[in-house]
1. Considering only the range A:35-60, how many residues are more than 8 Å from DNA strand C (Cβ to nearest atom), farther than 15 Å from A:Asp13 by Cβ and small (Gly, Ala, Ser)?
2. Return yes or no: is A:Tyr29 within 13 Å of DNA strand C (Cβ to nearest atom) and either touching a helix residue (DSSP H, G or I) at 6+ places or on another chain (Cβ under 7 Å) or among the polar types (S, T, N, Q) (or both)?
3. Just the residues that are among the charged types (D, E, K, R), crowded, with 17+ Cβ neighbours inside 10 Å and over 15 Å from A:Glu90 (Cβ atoms), please, taken from the range A:61-79.
4. Return the pairs, sorted by first residue and then second, in which the second residue is more than 9 Å from DNA strand B (Cβ to nearest atom) and part of a loop (DSSP other than H, G, I, E, B), the first residue lies in the range A:72-91 and is closer than 14 Å to A:Lys23 by Cα and without any contact (Cβ under 8 Å) to a residue 12 or more places away in the chain, the beta carbons are less than 9 Å apart, and the residues are 6+ apart or on different chains.
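Throughout, read-outs are computed from the coordinates displayed, never taken from laboratory work. This is a predicted model, so every value here is computed, not measured. Cβ sites come from the backbone with ideal geometry, for glycine too, and all protein chains shown count toward neighbours.
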Amino acid sequence: MNHSESTRNFFEDVYDVVRLIPKGRVTSYGAIAAYLGSRGSSRMVGWAMNAAHGQKPPVPAHRVVNRNGLLTGKHHFETPTKMEELLKKEGVIVEKEAVKEFKKLFWDPSAELL
DNA sequence: TTCCTGACTCCAG
DNA sequence: CCTGGAGCCAGGA
């Protein structure tokens, strides 16, 4: 397989995992990267999210935050408050750029997807 | 092709 | 507690 094919599959894999995140739960870029077998590629997960807009079926990118629960990707949504609004709609409280009860709401694909 | 950037994370000081 | 550097690797200029 060539380079573009493996890239496409990596993105598809990321989207599939993100779509499996339960409503009202969140995970991190690093957790997804680790689940896909490339721990150091957390930045690529973020890059994938950057290209996730308009995907069918939709990719709930708002459920992916950084390892501390901070909404570092909020500026990539339609509006800077969109990410927080979507989370709040699912019952996730966001306080000062971060997910409240992050540890409790954290969904780890490596542990949940057995 | 090289250089730079980035929705990240870890580690050293 | 905070800062900087390194590793990561796909794209755009």
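1. 1
2. yes
3. A:Lys74
4. Final answer for the pair search is A:Glu85/A:Thr79.
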